[in-house]
Structure formats: structure tokens, C-alpha cells
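The values are calculated or read from the model by the stated rules, or taken from the named source; none is laboratory data. Everything quoted here is computed from the prediction, not taken from an experiment. Cβ placement follows ideal geometry from the backbone for every residue including glycine, while neighbour counts extend to all protein chains displayed. Note: areas computed on protein heavy atoms with side chains; ligands, DNA, RNA excluded. Shrake-Rupley method; radii C 1.70, N 1.55, O 1.52, S 1.80 Å.
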Amino acid sequence: MDFVILSLIMLAIGIYGLLTQRHLLKVFVSVELIATAATLNFVMLASSMGLGLGEAFMVLAFSTDTAVSGVILALLVIVSKKYGTSDMDELMKLETEKLDEEEDAD
Amino acid sequence: MILEVLSVGLIISACLAIFLDEAVYSVVALAGTFMFTALLFLLNGAVYVAIFQFAVGIGTLAVLFLSGEMLSEKPKQKTSLKSALTVIVVSAVLSLFPIFLSVPLSAASGSGVPFGEALWDLRAPDIVLQGLVIMTVAIGIAIVLYERKNGGD
């Protein structure tokens, strides 16, 4: 059982989701998977080597990660309420149209 | 043996979290990913990290469920049983790699500092500062909610 390869596969799944998914919540889930992969690698190596400091760092990183997740989720909800969609392609299209309108007005 | 089973479950739930169409089901699969990760930590001897993973994961998932309900639109097509089974089979095949392959690592050169000593003796200022930051954020949110309730901007 190798945790380095396990976390590598988790990282690959997260990056694949980040590149292919268009829904904002799915993108967030992909980011969470990438963070989980990094945590898994760090904690498993630290605990198998008997390094308490590595585990202590990860406990601190968990709370930071959660705070960042809260801010990202709040932004996602605000964006989807404002534009009425949570699809990234549609959001890009809306933003492009808005920029075109501003250019026409100038 | 149990570590192998947990790693298979971890990869299957991670794949399902990405590939399921409904946002709420995706969050449920992410909950499974968090749970399997915490169990792996627990069985590898990182008990405190496992407890933190459980606690933080439950909080994150509660917020994610709410946001998933708010953000989710009706998917154009539901995930069929066939495609879900395909995802499970592919992720089960993927999980064979960590079971049968291994990366050679150099010998452990840890200082052997126990977790409690590392957390409270070496990283105590970080913990205090982080507690202050989180408390400030909580007070800020409470002020914003209070202002909104009283009709302010």
C-alpha cells in the first residue's frame, strides 16, 4: 500500500475535474479533492516517520482551508444569485457581452 | 487489508464526486471521501488529525449541502446507472495502482517530536494568532448580520 501513489491519483482526479467540469460547485469539489490529496500525502508521510510537527502543521492548515472554503462558497452563491447561473461558460459569455456593451457605449 | 479497502473506497468516492451530475449527490460522495481520508489517518496513527478531519469535514459538508441546494439547477440528463457503474469500475482499476505499486523513499530522518509537544511548544503562537483571526471573522459576520437585521447596508 503506497500513500504517495494514492495521493497522486487523488490529485489527478481533482485536476481532471478542475479542467473538465463547468458547474461552479463541481469546480469547488475538485479543489477540495486536490486539497485532500495534499493533506493525505503530508499526514501519511509525517505519521509514518513519527514527525509530530507535520501533523501539527496540517491541523493548522485544516482550519485555514476551511476558512478559504467558506469565502469561496460565499462568492459562488453571490455570483450565481447575481447572474442567475452557475455555469462557467455562461458566466464567461455574460461577462464578454457586458464588456462589448461597455466598448460600444464608449 | 483494511487500508487497501479504504483506499479503494476513497478513489471511488472521489471519482463519483466529480462525475455525478446532481450537485447534492456529488456532495454526498465528497462526504465519503472525507470519511475515508479520516479513517486512513486514524489507522495510520494520526489520531488528532483524523478527529480534526471529521470535525472540519462535517462543518464544510453542512455548508456545501446548503450551497448545493441553492446553486443546483435541474441537470439536463440524469446520471444513468450504466455510466455510474463505469465510473466505479474505472476508479476500482485506478485504485489497484496504490495497492500494487510503491515509490522508494529515503530512510526516515525525523526528529521524533510528539504531536502535543509540536503543537503547543513549537507552534503555539500560530495557534493563538489563528484563533484570533477566526474570532475576528466570526465577530465580523455577527456585525454584518446584525446590521442587515436592523436594515442597514
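Overview of values
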| read-out | value |
| --- | --- |
| Most fluctuating residue given options B:A17, B:A84, B:A118, as computed from a GNM of chain B linking Cα atoms under 10 Å | B:A118 |
| Other protein chain Cβ atoms within 10 Å, averaged over every residue that makes up B:61-70 | 4 |
| Coarse-grained scattering of region B:25-66 at q = 0.19 Å⁻¹, given as base-10 log I(q)/I(0) from a Debye sum over alpha-carbon atoms | -0.51 |
| Which listed pairs, of A:K82/B:K149; A:K81/B:K82; A:K93/B:K82; A:K26/B:K149, have C-alpha distances above 29 Å, in listed order | A:K81/B:K82; A:K93/B:K82; A:K26/B:K149 |
| Of B:G140, B:G57, B:G32, the one that fluctuates the most in a GNM where chain B has Cα springs shorter than 10 Å | B:G140 |
| Partner aspartates and glutamates for A:K98 [C-alpha distance under 20 Å; skip if fewer than 8 residues away on the same chain] | A:D87, A:D89, A:E90, A:D106 |
| Shape category assigned to the protein assembly as shown from the gyration tensor of Cα positions, a/c cut at 1.5 | oblate |
| Whole-Å semi-axes of chain B's equivalent ellipsoid (Cα gyration tensor) | 33, 31, 10 |
| Helix axis angle, A:3-20 relative to chain A longest principal axis, alpha carbon, degrees | 0 |
| Probe 1.4 Å, all protein chains present, accessible-area order of A:L99, A:L53, largest first | A:L99, A:L53 |
| A:E32, B:E4, reordered so the largest accessible area comes first (probe 1.4 Å) | B:E4, A:E32 |
| Gaussian network model of chain A, Cα within-10 Å springs - most flexible of A:F57, A:F42, A:F28 | A:F57 |
| Accessible surface, 1.4 Å probe, highest first, among residues A:K82, B:K149, A:K26 | B:K149, A:K82, A:K26 |
